[in-house]
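Laboratory data are not the source of any read-out in this text; all were calculated from the coordinates shown. Please read these numbers as outputs of a predicted model, since none were measured by experiment. Positions of Cβ are generated from backbone atoms using ideal geometry, with glycine treated the same way; all protein chains shown enter the neighbour counts.
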Ligand SMILES: Cc1cc2nc3c(=O)[nH]c(=O)nc-3n(C[C@H](O)[C@H](O)[C@H](O)COP(=O)(O)OP(=O)(O)OC[C@H]3O[C@@H](n4cnc5c(N)ncnc54)[C@H](O)[C@@H]3O)c2cc1C
């Protein structure tokens with residue numbers, strides 16, 4: 001079996017194959033090819049300037065006991081963190097979900113949001129429609145749509161909500177709350193009347209994060225447990241011949257396979273099929289949002305407003321980032337003493353270009369504009385990673401295209417899985433990706 005990628009998906013597949021061998025079930029030959037120099041993929045962590053950087057803030061929220069059991073064995077010690085999160089808008093913190101906490105907004109915005117919520121609550125026949133725009137407007141009203149939901153979603157997806165589906169909104173991908181929690185008009189009116197915060201966590205809620213080494217330490221540990229002679233790094237698959245079941249690497253060599261578990265982005269995979277031009281054409285049906293992640297290592301301590309915050313959504317259009325993660329609040333060991341770190345995520349696509357000029361400077365200026373840093377704070381290090389694929393945008397026709405493409409690929413022995421291999425945003429976190437690798441192997445076993 002050939003595995004493409006040493007991110008959570010590829011490592012999940014390799015782990016399952018080794019587990020089967022160790023349980024004397026099946027001894028399958030496997031070989032893993034990874035373009036990068038090390039394991040982890042987008043869930044890797046990098047070291048720079050004495051700080052540890054995740055490629056975007058990574059929160060662990062598992063849906064699978066199998067995954068939990070393994071990561072508890074891999075991580076020497078967890079840090080347990082209260083998941084304080086919200087939006088920063090109109091110069092203030094509004095707890096997540098914003099729709100339940102509109103009492104925190106300036107009076108004109110709060111009133112516009114409440115009127116809109118009242119209108120949709122009173123509507124006799126509501127339809128959620130097919131698009132994200134229809135869904136958000138018909139469930140949350142015009143006020144919340146204009147002031148928060150539209151600008152945030154446009155920045156996050158770098159795509160207009162009218163071109164997207166809304167299937168992902170009701171899933172619980174990264175916490176026990178829905179990705180876009182529902183809004184109960186009476187509950188929100190009560191929150192306003194009593195000026196009461198209604199966050200999606202309580203005093204006892206905690207998320208776990210590795211105390212040492214950042215998110216990537218999990219995946220490095222896992223790769224280290226697998227036989228090194230089966231893992232080939234700094235080698236990229238550039239072309240796939242499905243008739244002869246051969247993958248060509250960048251150096252011109254080829255690897256024969258019976259089955260391929262691939263975690264490269266599905267659009268890249270399709271475009272690399274040398275003998276399936278009709279399938280290769282469908283690559284353009286997938287549109288990723290790219291992400292530039294700017295990490296700043298800063299002297300001193302975070303401002304009081306951010307002291308216990310994990311991450312913030314930033315919907316306002318005049319600021320380049322849509323999310324800020326206070327990474328040093330996840331573990332005291334990702335930043336040196338007397339310093340803190342923040343990650344700024346700036347998303348772009350063919351429809352929404354990156355900001356003009358130097359993106360690191362744009363992030364710094366944005367933080368100054370918000371008052372989170374000023375000239376008295378020393379910037380100890382600047383870290384920047386740019387990914388062409390950061391978020392798998394759920395376009396309106398996503399599920400029908402995926403069904404067609406995945407059926408064709410599987411009939412050719414190719415199992416495309418993971419965040420961009422599977423392209424299902426609501427099932428694209430680390431636990432999902434790992435389990436998709438495991439389950440791809442199970443499916444192959446069942447069929448052989
Ligand atoms: C900004 C951001 C924030 C995130 N936040 C969270 C979060 O809060 N919680 C969470 O659980 N998850 C989060 N994730 C998702 C998490 O990173 C993914 O779930 C996980 O990395 C997906 O694993 P994967 O193996 O499918 O893909 P990847 O991690 O992308 O791994 C794929 C691997 O394949 C390799 N590859 C690609 N093409 C080729 C080729 N042609 N030949 C050889 N190798 C190739 C790549 O180099 C890569 O190493 C976030 C991701 C991003 C980008």
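Just a few scattered comments:
- When residues in region 377-396 are screened for being more than 22 Å from residue 312 (Cβ to Cβ) and over 22 Å from the mean Cα position of the chain (by Cα), 1 of them pass.
- Only one of the listed residues (186, 203) is out of contact with any strand residue (DSSP E or B) (no Cβ under 6 Å at 6 or more places or on another chain) and farther than 30 Å from residue 142 by Cα. That residue is 203.
- Residues (within 16 Å of the ligand (Cβ to nearest atom) and in contact with a strand residue (DSSP E or B) (Cβ under 8 Å, 6 or more places away or on another chain)) located in region 371-403: 383, 384, 385, 386, 387, 388, 389, 390, 391, 392, 393, 394
- Qualifying positions in region 421-434 - touching a strand residue (DSSP E or B) at 6+ places or on another chain (Cβ under 6 Å) and more than 6 Å from the ligand (Cβ to nearest atom): 423, 425
Quick grid of which residues meet (1) touching a residue at least 60 places away in the same chain (Cβ under 8 Å); (2) surrounded by 20 or more Cβ atoms within 10 Å (Cβ to Cβ); (3) within 16 Å of the ligand (Cβ to nearest atom); (4) within 17 Å of residue 317 (Cα to Cα):
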{"residue": "333", "(1), (2), (3), (4)": "yes, no, no, no"}
{"residue": "336", "(1), (2), (3), (4)": "yes, no, no, no"}
{"residue": "353", "(1), (2), (3), (4)": "no, no, no, yes"}
{"residue": "367", "(1), (2), (3), (4)": "yes, yes, no, yes"}
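- Residue selected from region 267-284 under the condition surrounded by 15 or more Cβ atoms within 10 Å (Cβ to Cβ) and away from the ligand (no atom under 14 Å from the Cβ), by the criterion nearest to residue 392 (Cα to Cα): 282
- On the stretch given as region 47-75, residues that are away from the ligand (no atom under 13 Å from the Cβ) and touching a residue at least 60 places away in the same chain (Cβ under 8 Å) total 9.
- Among the conditions (1) free of Cβ contacts under 8 Å to residues at least 60 places away in the same chain; (2) within 30 Å of residue 306 (Cα to Cα); (3) in a loop (DSSP other than H, G, I, E, B), the only one that residue 25 does not satisfy is (2).
- Qualifying residue in region 411-418 (condition: more than 30 Å from residue 345 (Cβ to Cβ), within 16 Å of the ligand (Cβ to nearest atom) and in contact with a strand residue (DSSP E or B) (Cβ under 8 Å, 6 or more places away or on another chain)): yes
- Here residue 406 meets each of (1) within 16 Å of the ligand (Cβ to nearest atom); (2) over 25 Å from residue 308 (Cα atoms); (3) touching a residue at least 60 places away in the same chain (Cβ under 8 Å); (4) crowded, with 18+ Cβ neighbours inside 10 Å with one exception, condition (3).
- Qualifying positions in region 10-46 - within 9 Å of the ligand (Cβ to nearest atom), out of contact with any strand residue (DSSP E or B) (no Cβ under 6 Å at 6 or more places or on another chain) and closer than 23 Å to residue 254 by Cα: 11, 34, 35, 36, 38, 39, 41
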